[in-house]
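The values are calculated or read from the model by the stated rules, or taken from the named source; none is laboratory data. For clarity, every value in this text was computed on a predicted model and none was experimentally measured. Note that we place each Cβ from the backbone using ideal geometry, even for glycine, and neighbour counts take in every protein chain shown. Ligands, DNA and RNA are excluded from the accessible area calculation, which covers all protein heavy atoms including side chains. Shrake-Rupley method; radii C 1.70, N 1.55, O 1.52, S 1.80 Å.
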Amino acid sequence: QVQLVESGGGLVQPGGSLRLSCAPSESIASAHILGWYRQAPGKEREQVAIVLSGGTTTYADSVKGRFTISRDNGKNAVFLQMSSLNLEDTAVYYCYAKRMVLPKYEYWGQGTQVTVSS
């Protein structure tokens with residue numbers, strides 16, 4: 001019943017910017033981990049960035065310096081500001097939420113397409 005609702009995907013030119021947003025469809029207990037993963041055609045799903053409840057962040061080497069992840073703890077929302085996009089960023093992006101203590105949960109978004117093309 002709970003869904004992670006994503007928005008902000010679309011078509012952008014190389015060098016452009018895009019902002020992805022994700023929030024649960026209903027109120028849930030605070031997530032310890034919020035993040036973004038992506039999967040390009042023919043490739044494995046990879047972790048793009050995560051942000052912990054305390055605010056610490058981790059980025060994939062391929063996006064460091066270009067992407068910024070942030071969260072709104074009041075809404076369990078997570079955002080991904082993407083800049084200097086290149087063709088290799090083209091993928092379906094999935095948001096992710098995990099709680100590690102009761103009530104435990106793990107949710108994935110449906111995915112939003114990001115296409116970088118000239």
Practice task
For segment 34-64 and segment 5-27, write down the distance between their C-alpha centroids in whole Å.
Solution key: 14 Å
Handout entry: Residues of segment 8-49 with amide N under 16 Å of a point placed 7 Å along Cα→Cβ from Asn86
Key = 13-17
Problem - 1.4 Å probe accessible area per residue over the chain, in Å² - result: 54 Å²
Practice task
Compute the Cα gyration tensor for the chain, then decide on rounded, prolate or oblate, letting a ≥ b ≥ c be the square roots of its eigenvalues: rounded whenever a/c is under 1.5, prolate when a/b is larger than b/c in the other cases, and oblate in all that remain.
Solution key: prolate
Exercise for the section: First compute the accessible area of segment 1-117 with a 1.4 Å probe, then give the percent of it belonging to carbon and sulfur atoms. Expected result: 49 percent
Fill in the blank from the handout: For segment 17-112 the mean separation of alpha carbon contacts under 8 Å (6+ apart) over residue count, i.e. relative contact order in percent, is 35 percent
Practice task
Can you spot the lysines whose alpha carbon is less than 20 Å from Lys104's alpha carbon? Ignore those fewer than 8 places along the same chain.
Solution key: Lys75
Handout entry: Cross-link partners of Lys64 among lysines (Cα-Cα below 25 Å; sequence separation of 8 or more within a chain)
Key = Lys43, Lys98
